[in-house]
Amino acid sequence: MSTRKPPLYEKHSQSGADFTDFGGWDMPVSFDSITTEHAAVRNSVGIFDVSHMGEVTVSGPDAADLMNQLTTNDVTTLDPGDAQYACILNEDGIIIDDTVVYFRPDSEEYLFVPNAGHDEMMVDRWTDYATAHDLDAAVVNRTEELGMFAVQGPDAVDRVQEVAADPLDGVSQFSARETTIGGADCLVARTGYTGEDGFELIFDDNDSEAVWNAFDDVQPCGLGARDTLRLEAGLLLSGQDFHPEDEPRTPYEARLSFVVDNSKSFFVGQEALRDADDPDELLVGLELQERGIPRHGYPILHDGEQVGHVTSGTMSSTLEVPIALGYVDAEYADEGTSLGVEIRDRTATAAVVSHRFLQEHRD
């Protein structure tokens, strides 16, 4: 399969962006330095092209039932213009993907956003399930038709408001409205993946340049900074912090129980989760107390014995310490527990901390 490219690939290339393959997409990893882009989002505002994310619409008489049976949260709680975070599980209660579900304003249509490269798989999953259970719903893959940008940072809301045709002060966290930006119709959602305030914008891919140019004074940012920002915020990366084969995890192991709504009568994986709410292993945050970068796959030790492994790690430029996410035996998951991370031929001392590193720092 050929590598997919975002609508603004040529524009980004001409601007000097470096690219990387991510989920089958050739995406900008950086425009400037990752440190510069990271600091722009933490201190002011940055813009990301995230058109590699999937966009799938679900409509029809049984759309809500279909969404509710295939995601862990409850879409019936959404009013038009609302959004929610959810997991998508297999029958064993293992996370296949995570997603944000939008109940589009002024329509009876749901839009959900799978991670990069998962759009076709999710369309097949939704379509096959609807057919097997005689649910009347239309499932459409819009990924190739839509573009998506994220404008994030403490100044992001004001910056988007400057170019939006309608007031956005009523758009609260996990809600959205339709407006125009740069003459283009946009769904403007108060969501993001950086730990900062801001909006994600979804629009027709033919309008990508017009929307991007409306933010021509904003620091463009690539996937490198997006990764360091999300890790500081303790946000998980699909395919790395969980994966149905390589890193099979339930929402309880991944500390995502808040998106599991067991008041629903049924969702795929629910039965398997009934006895899984006291897992043997748990996701933790780790803060290294000496130099070294904890990388994916590095062993986590207690008294020289392996008790877990790192799934994501970086040198936090905001906190100025090395940080990591990883899974450990539940008996070692309490904050303050002293552990070690094996880095090449030595063990770096570490402490278990809240995996919401940025929030704890700000509190």
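The values are calculated or read from the model by the stated rules, or taken from the named source; none is laboratory data. Being a predicted model, the structure only gives us computed values, none of them experimental. Positions of Cβ are backbone-derived with ideal geometry, glycine not excepted, and every protein chain shown enters the neighbour counts. In case anyone asks, the SASA skips ligands and DNA or RNA and just uses the protein heavy atoms, side chains included. Shrake-Rupley method; radii C 1.70, N 1.55, O 1.52, S 1.80 Å.
Looking for whichever is under 22 Å from VAL75 (Cβ atoms) and within 21 Å of the chain's Cα centre (by Cα) here; the options are VAL260, VAL310. Which one fits? Lay out the reasoning, then the answer.
Numbers: VAL310 fails: under 22 Å from VAL75 (Cβ atoms).
Only one candidate qualifies: VAL260.
Filtering region 285-331 to residues that are under 17 Å from PHE357 (Cβ atoms), open to solvent by less than 40 Å² (accessible area, probe 1.4 Å) and of a type outside the set (A, V, I, L, M) leaves GLY285, GLY292, PRO294, THR311, SER312, GLY313, THR314, SER316, PRO322, GLY326, TYR327. Contact annotation: residue pairs with Cβ atoms under 7 Å, 6 or more positions apart or on different chains, pairing a residue in region 118-144 that is over 13 Å from GLU55 (Cα atoms) with a partner that is open to solvent by 30 Å² or more (accessible area, probe 1.4 Å) and in a loop (DSSP other than H, G, I, E, B), are LEU135/ASP62; ASP136/GLY60; ASP136/PRO61; ASP136/ASP62; ALA137/GLY60; ALA137/ASP62; ALA138/GLY60.
The lone criterion from (1) closer than 27 Å to HIS355 by Cα; (2) not in a loop (DSSP other than H, G, I, E, B) left unmet by GLY195 is number (2). Let me confirm something: among GLU305, GLU331, GLU320, which residue is on the phi > 0 side of the Ramachandran plot, of a type in the set (Asp, Glu) and out of contact with any helix residue (DSSP H, G or I) (no Cβ under 8 Å at 6 or more places or on another chain)? On inspection, the qualifying residue turns out to be GLU320. Looking at LEU235, LEU201, LEU282, just one residue is free of Cβ contacts under 8 Å to residues at least 60 places away in the same chain, open to solvent by 40 Å² or more (accessible area, probe 1.4 Å) and of a type in the set (A, V, I, L, M, F, W, C), and that residue is LEU235. In the condition set (1) closer than 28 Å to SER33 by Cα; (2) without any contact (Cβ under 8 Å) to a residue 60 or more places away in the chain; (3) surrounded by 18 or more Cβ atoms within 10 Å (Cβ to Cβ), CYS186 is compliant with all but (1). Scanning region 209-225 for residues that are in contact with a Gly (Cβ under 9 Å, 6 or more places away or on another chain), assigned to a helix (DSSP H, G or I) and within 11 Å of GLU37 (Cβ to Cβ) turns up just one, ALA225. Test HIS52 against the criterion of being of a type outside the set (D, E, K, R), in a helix (DSSP H, G or I) and either over 29 Å from ALA272 (Cα atoms) or without any contact (Cβ under 8 Å) to a residue 40 or more places away in the chain (or both), and give yes or no. For HIS52, the condition - of a type outside the set (D, E, K, R), in a helix (DSSP H, G or I) and either over 29 Å from ALA272 (Cα atoms) or without any contact (Cβ under 8 Å) to a residue 40 or more places away in the chain (or both) - is not met.
Within region 238-275, being part of a loop (DSSP other than H, G, I, E, B), surrounded by 19 or more Cβ atoms within 10 Å (Cβ to Cβ) and in contact with a Ser or Thr (Cβ under 7 Å, 6 or more places away or on another chain) holds for ASP241, PRO251, VAL260, PHE267. Of the residues making up region 71-103, those that are in a loop (DSSP other than H, G, I, E, B), open to solvent by 40 Å² or more (accessible area, probe 1.4 Å) and out of contact with any helix residue (DSSP H, G or I) (no Cβ under 8 Å at 6 or more places or on another chain) number 2.
Only one of the numbered conditions (1) closer than 18 Å to PRO220 by Cβ; (2) free of Cβ contacts under 8 Å to residues at least 24 places away in the same chain is not met by VAL160, and that is (2).
Quick grid of which residues meet (1) of a type outside the set (Ser, Thr, Tyr); (2) open to solvent by 30 Å² or more (accessible area, probe 1.4 Å); (3) assigned to a strand (DSSP E or B):
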| position | (1), (2), (3) |
| --- | --- |
| VAL123 | yes, no, no |
| THR127 | no, yes, no |
| ALA130 | yes, no, no |
| ASP134 | yes, yes, no |
| THR143 | no, no, no |
| GLY147 | yes, no, yes |
| PRO154 | yes, yes, no |
| ASP158 | yes, yes, no |
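ASP21 falls short on exactly one of the conditions (1) touching a residue at least 60 places away in the same chain (Cβ under 8 Å); (2) farther than 22 Å from ALA210 by Cα, and that condition is (1). Does region 277-291 include one or more residues that are in contact with a Pro (Cβ under 8 Å, 6 or more places away or on another chain), assigned to a strand (DSSP E or B) and either closer than 20 Å to THR194 by Cα or aromatic (Phe, Trp, Tyr) (or both)? Yes, region 277-291 contains at least one residue that is in contact with a Pro (Cβ under 8 Å, 6 or more places away or on another chain), assigned to a strand (DSSP E or B) and either closer than 20 Å to THR194 by Cα or aromatic (Phe, Trp, Tyr) (or both).
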